[in-house]
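The values are calculated or read from the model by the stated rules, or taken from the named source; none is laboratory data. Here the structure is a predicted model, which means the values were calculated and not measured. Because the Cβ atoms are built from the backbone with ideal geometry, glycine has one as well, and the counts that use them run over all protein chains shown. Only protein heavy atoms, including side chains, enter the accessible area calculation; ligands, DNA and RNA are left aside. Shrake-Rupley method; radii C 1.70, N 1.55, O 1.52, S 1.80 Å.
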Amino acid sequence: MTPPPAHWLERDELGHLLALIRGDGYRLIGPTVDGAAIIYDEIEGVDELPVGWTDEQAPGRYRLRRRDDDAIFGFAVGPHSWKQRLFPAREPLVQIRRDGDDIRFSAARADPPPTAFIGVRACELAAIELQDRVFVRGPFVDHRYAARREACLIIAVNCVEAGELCFCASMGTGPRVGPGYDLCLTELDGGFVVEAETEAGAALVQRLDARAAADAELTARDAGLDSCRQTMGRELDTEGLPGLLFGNLDHPRWTEVAERCLACGNCTQVCPTCFCFDVKDVSLLANAETARERSWDSCFGQDHSTIHGAVFRPAIADRYRQWLTHKFASWTSQFDASGCVGCGRCIAWCPVGIDVTEELSAIRSQDPKPAIELPRPQVWWPREDDPLVPAPARVLEVQPETPDTVTLVIERTTAVREEPGQFNMLSLPAIGDVPISVSGSGEDFVEHTLRGVGRATKALSELRPGQRLGVRGPFGSRWPIELAKDHPLTLIAGGVGLTPLRSAMQQLAANPDDYPAVRLFYGARSAADILYDTELLAWDSLPSCDVSVTVDQASRRWLGNIGFVTRLLRRKELPLDGRYFICGPEVMMRQVLFLLDEAGVPKSHRFVSIERNMKCAAGFCGRCQYGPYFVCKDGPIFRHDHIDFIFGQPGF
Amino acid sequence: MASCDGCQLTLLDCEDELLALGEAVDIVHFPEASSALRPQGRFDLTLVEGSISTPEQLEEIRHIRAVSHALVVIGACATSGGVQALRNFADHEQFMRVVYATPSYVSSLADSTPISAHVPVDFELRGCPIDKAQLLEVITASVVGRKPGIPNEAVCMECKRRGVVCVMVARGQTCLGPVTHAGCGALCPAYDRGCYGCFGPRESANTGSLATWELGRGRSKADMVRAFRLITGAAPAFEHESKRHEP
Ligand code: SF4
Ligand code: SF4
Ligand code: SF4
Ligand code: FES
């Protein structure tokens, strides 16, 4: 295939091009000088572009400077990125209206006006393509993002000068603009080489006073790109980087950089690929209207890794390691590409000048441990429905289980039948939504057992039959119960960890011919905390099932086993060819896995359920990250050998 | 308690929302708005501004705690001791002699301290003054039963979401944003000024690194004492940092 012909546009014609685009109904967003920096803002024409300006950049330092020529695109990237336009810092996701016991949820639409991005650099286009992988090429589509993406026209610019902090050449994202643009300009003396990639771009060229580019102009373009490539201010050795980082989770450099890092989050906010967000219900007093909003978040904040008051990444070292391992390692497993495009923003805009390229090379060069193998990325086929909008569902029944735990029986709202181990997001207006595992389901109902510990779970546990709540889901991976067809299966549960196993147990118990040998070991805090007691007895009476219960605290009325579930396990046979499903607090699961290690049960025979902070459940918000995984889409059920390098590691 | 009463005014400033507020809650005691006497009894939510600066205040806050279901303390004084806590760094007897003609009439504690130093508090709302939207959020959260949506993060996060160009990086100014609790919406940086730290230190405030960076680019130790010893200078992280740079 021959490349589409390149054209030559005289310098003065750029204004004409911008006018044509505006005339076609596009709003123009482009670089412009704002006080102390070149930012991206709405512009009307060439006059507002940074003609004759450039920037000087160093770690923690950015200054505007006059050029000695009148180049229009003679600067490197600044503090803003196109992310602000496609994934705004704050936006409503769902509008909620409460009307008595009735609740209505409706998707907040983006309705973006057609927008032209003027001056998109190679690294920036690569960053947009990376965010596409998050928002439109995962298990779900973020419809707000997708709408904005479709409404944009991309006028890219090849870089012929490199910035002090640029390393796109190392990341393979530049300086030549890759696919995905409508028009690409290369600024040379007196004008631009123009290349069109799309019909929209080609149509614009047609209407311009542009001739075919001469060979000398094309040579000058290539020479400019070459010299840019040769003069990159930074360099990064990316060879085997993901495995190297995960092989060095205890490298001393993490604590060293944490002494300098402020955990301010600026690096993540300026990074054009960072996508984490938080979701909050915004309402006023007892008003009937609630807006469920998202806003940019950062792994440097404490809330990012907090669930039920426990902080998974308390130290700055944990948070810096999360940022760097995510960007340069986990991304590869999650999205099949590095999360860094080499734009240098995080280096310039770190208030204390921390340089990612320097940190990474320090880890590589100071006694690194061997690299490890990371999981391969999954391929997803995005579902079309909006995963963030709940469906209103009626509470059919509320069954008290223990003094602080109830089972909500809720009317089914989706055709998709939940699998054991999956979860739904349950929500109440003005309070927010929380992930709750499915504890049982039938033709037209779903069951969720929940303990009213947090504010949201407390409000949910106070619902009465007939009242409504919002449900979205089901999400996540499931227990592979089919393994019990050929292997003895042991389910080990601690506390409310029994709830996701209960739906598995119901299916196992109902099909004794398929699942002939099932054992359930369950540890509760006290006799009063035992869940599903009648069901436990019923399962135990079946020839195919064997149920043992133990309690931590003895009481006068309890005549059964006393002690942790591990104590019970020690007295049982743990067959090597058996399969094991484990769910409970992480300390309990650790001890159980340790026992299975001692017994010699292979890690690939064990499955555990992991809990992390979740906001979207659809793979967008980044809150549930667990090393190279997302708990909401790769989990919550994981095979032990797939996570053994992070399971129990502080900071993950 | 000891304060300028400015945070109470924030509540009065909620003009548009005041009506709805009156419908949602029953306001029984509000000195800045009404001189009605404090009723006896128990309260669902008590907002307290000001620091503990006198023996009488110490007594009173214990009583308030005992009769309140939820105690929310508001403002820099109540959460860190306030600007009046600058006396904690000096000889308070000497201050009294300079300021008052007859210091023996003044009964005052040596230090001005946050409420949480004396009684357990349910929520600390920071700021000098507090932000009106955040105050409404705390009241709303208590009415509907959610966790107050007050992010526990650095001012920088608000600054970046707002699209402000960083004054540390692009203008070379000292800014306490990275170590300060969010809430103001990055007000000062939005007007090209570094953050003064009104909302007090955030969790994980790495003040040492910020000071090292500033000293490295030519600021003096006296500059560091001034930067960290201002409105919330008695908050432990800031106090510790300013003391490190004292002559
Ligand atoms: S990690 Fe830094 S250099 Fe890489 S894309 Fe993000 S901001 Fe740019
Ligand atoms: S690396 Fe720099 S920008 Fe990022 S959190 Fe640390 S101090 Fe802030
Ligand atoms: S101006 Fe201050 S608050 Fe804003 S990003 Fe810079 S350091 Fe943070
Ligand atoms: S990515 Fe949002 S919860 Fe997993």
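The B and A chains share an interface that buries close to 3400 Å² of accessible area, total over both sides, probe 1.4 Å.
For the range A:517-588, the equivalent ellipsoid built from the Cα gyration tensor has semi-axes of 20, 16, 11 Å, listed from largest to smallest.
For A:Glu535 and B:Leu19, what does the FRET efficiency come to when R0 = 51 Å and r is the distance between their Cβ atoms, rounded to the nearest 0.05? Walk me through the numbers on the way to the answer.
Values: r = 52 Å, r/R0 = 1.02.
Step by step, r from the Cβ atoms, then E = 0.45.
Quick one: grab the alpha carbon gyration tensor of the protein assembly as shown, order the square roots of its eigenvalues as a ≥ b ≥ c, and give me rounded if a/c is under 1.5, else prolate or oblate depending on whether a/b is larger than b/c. Please list the in-between numbers first.
Numbers: a/c = 1.71, a/b = 1.14, b/c = 1.50.
Judged from the Cα gyration tensor, the protein assembly as shown comes out oblate (a/c at least 1.5, b/c at or above a/b).
If I take every Cα pair under 8 Å that is 6 or more residues apart in the range A:485-609, average their sequence separation and divide by the length, what percent do I get for the relative contact order?
Values: 208 pairs, mean separation 37.1, N = 125.
It comes to 30 percent, rounded to a whole number.
Distance between Cα centroids, the range B:160-201 to the range A:181-232: provide it in whole Å. Between the Cα centres of the range B:160-201 and the range A:181-232 lies a distance of 40 Å.
Tell me the net charge near A:Gly201. Cut-off is 9 Å between Cβ atoms, A:Gly201 excluded, with +1 for each Lys or Arg and -1 for each Asp or Glu. Each step should come with its number before you reach the end.
Details: positive: none; negative: A:Asp182, A:Glu195, A:Glu197, A:Glu199.
Here the count lands on -4.
Solvent-free Debye calculation, one equal scatterer per alpha-carbon of the range A:485-609: log10 I(q)/I(0) at 0.15 Å⁻¹ equals -0.64.
Of the accessible area of chain A, with the probe set at 1.4 angstrom, what percent is carbon plus sulfur? Please report the intermediate quantities before stating the final value.
Details: 12580 of 25310 Å².
Roughly 50 percent, rounded to a whole number.
Which shape class, rounded, prolate or oblate, goes with the range A:391-475 when its Cα gyration tensor gives a ≥ b ≥ c as root eigenvalues, a/c under 1.5 marks rounded, and past that a/b bigger than b/c marks prolate? In terms of gyration-tensor shape, rounded.
Which percent of the accessible area of the range B:155-244 is formed by carbon and sulfur heavy atoms (probe 1.4 angstrom)?
Details: 1810 of 3180 Å².
Answer for the range B:155-244: carbon and sulfur cover 57 percent of the accessible area.
What do the square roots of 5 times the Cα gyration tensor eigenvalues come to for the range A:341-450, in whole Å, largest first, as semi-axes of the equivalent ellipsoid? Before the final figure, lay out each step's value.
Numbers: eigenvalues 411, 67, 61 Å².
Over the Cα atoms of the range A:341-450, the semi-axes work out to 45, 18, 17 Å.
When a/c is below 1.5 the answer is rounded, else prolate if a/b is larger than b/c, else oblate, so apply that to the range B:155-244 with a ≥ b ≥ c taken from the square roots of the Cα gyration tensor eigenvalues. Here the range B:155-244 falls in the oblate category.
Length gain on complete extension for the stretch A:Asp641 to A:Arg556, per 0.36 nm per residue less the alpha carbon to alpha carbon distance?
Numbers: separation 85, 0.36 × 85 = 30.60 nm, distance 4.16 nm.
Net length gain for the segment: 26.4 nm.
In chain B the Cα-Cα distances spread across 10 Å bins starting at 0 as 7, 29, 33, 22, 9, 1 percent of all pairs. Using only alpha-carbon positions in the range A:1-113, the gyration tensor eigenvalues give semi-axes of 38, 22, 13 Å once each is multiplied by 5 and square-rooted (largest first). Sparsely packed loop sites in the range B:44-105 (the chymotrypsin sites (Phe, Trp or Tyr not before Pro) outside DSSP H, G, I, E and B with at most 12 other Cβ atoms within 10 Å) comprise B:Tyr100. Annotation for the range A:83-142 versus the range A:271-312: alpha-carbon center distance of 16 Å. Please give the net charge around A:Pro543, taking every other residue with its beta carbon less than 13 angstrom from that of A:Pro543, where Lys and Arg add +1 and Asp and Glu add -1. For residues surrounding A:Pro543, the net value is -2.
Tell me, what is the percent relative contact order of chain A, built from C-alpha pairs under 8 Å that lie six or more residues apart? Intermediate values should be presented prior to the final figure.
On the way: 1439 pairs, mean separation 87.8, N = 652.
After rounding, I find 13 percent.
The Cα atoms of the range B:6-144 define a convex hull whose projected area, averaged across directions, is 9.1 nm². Each part reduced to its alpha carbon centroid, the range B:229-245 and the range B:207-226 end up 13 Å apart. Using R0 = 51 Å, the C-beta based FRET efficiency linking A:Glu289 and B:Arg97 works out to 0.30. In the range A:177-319, the ratio of gyration radius to Kirkwood radius, Rg to Rh, stands at 1.16 when only Cα atoms are counted. Under 13 Å Cα-Cα from B:Lys221, which aspartates and glutamates qualify once same-chain neighbours fewer than 8 residues away are excluded? Straight-line reach from B:Lys221, under 13 Å: B:Glu241, B:Glu246. The antiparallel fraction among DSSP beta bridges confined to the protein assembly as shown stands at about 65%. When chain B is treated as a GNM with alpha-carbon contacts under 10 Å, the residue of B:Ser51, B:Ser80, B:Ser142 showing the greatest mean-square fluctuation is B:Ser142.
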